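The values are calculated or read from the model by the stated rules, or taken from the named source; none is laboratory data. What you see is a predicted model, and the numbers here were worked out from it, not measured in a lab. Ideal geometry is used to build each Cβ from the backbone, glycine not excepted, and the neighbour counts take in all protein chains shown. Side chains are part of the model used for accessible areas, which takes the heavy atoms of the whole protein and leaves out ligands, DNA and RNA. Shrake-Rupley method; radii C 1.70, N 1.55, O 1.52, S 1.80 Å.
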Amino acid sequence: QVQLVESGGGLVQPGGSLRLSCTASGIIFNVYNMGWYRQAPGKQRELVAGITSSSYTNLADSVKGRFTISRDNGKKTVYLQMNSLKPEDTGVYYCNAKFARSDCWGQGAQVTVSS
C-alpha cells in the first residue's frame, strides 16, 4: 500500500521559514519523480517544485530563490525548504510521487503565512 505522509506545516510570520517533509512507504522511492504542489483557497492546485529520480530540480517562478527541494533516497523522504515566506505562499501543500502509471498523493499540510 502506497502512502505519502507530509509533515512540517504550520503558521509562520512573513519572512520566516518552514521545512516540509514527505516520507513515502510502499514504493521503490528512488525511481519516482517527486513534487510539491500547493492549493490556495479558491485557486487550482499548482506545482511549486519538482525533483526527478536523478535529482534534477525545477521550481515555479514565484518561489525561485526562496524555496529548495531535495530528496534523501535512504530515508524515502523529499523535503521542501521554504525561506522568506510571503502571505501568498499560504495554502495546503501536497506531496506527489510519479513513476510510469503510478501517481500518488499525500494528505496535504497546511502552511499559513500571516502576521
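Some notes on this structure:
- Condition met for GLY65 (touching a strand residue (DSSP E or B) at 6+ places or on another chain (Cβ under 9 Å) and more than 16 Å from GLY8 (Cα to Cα)): yes
- For TRP36: the one exception among (1) surrounded by 15 or more Cβ atoms within 10 Å (Cβ to Cβ); (2) out of contact with any helix residue (DSSP H, G or I) (no Cβ under 9 Å at 6 or more places or on another chain); (3) not in a strand (DSSP E or B): (3)
- Among the residues of the stretch 75-115, those identified as part of a helix (DSSP H, G or I), more than 18 Å from GLN3 (Cβ to Cβ) and either more than 14 Å from the chain's Cα centre (by Cα) or modelled with pLDDT under 95 (or both) are PRO87, GLU88.
- Taking residues in the stretch 72-98 that are in contact (Cβ under 8 Å) with a residue 40 or more places away in the chain, and partners anywhere that are outside any strand (DSSP E or B) and of a type in the set (A, V, I, L, M), the pairs with Cβ atoms closer than 6 Å and at least 6 places apart or on different chains are GLY91/ALA40.
- Verdict on GLU88 being of a type in the set (Asp, Glu) and surrounded by 13 or more Cβ atoms within 10 Å (Cβ to Cβ): no
- Selection of the stretch 60-69 for residues being open to solvent by less than 50 Å² (accessible area, probe 1.4 Å) and closer than 22 Å to VAL5 by Cα yields PHE67, ILE69.
- Within the stretch 39-59, the set of residues being outside any strand (DSSP E or B) and either within 18 Å of CYS104 (Cα to Cα) or open to solvent by 30 Å² or more (accessible area, probe 1.4 Å) (or both) comprises PRO41, GLY42, LYS43, GLN44, ARG45, THR52, SER53, SER54, SER55, TYR56.
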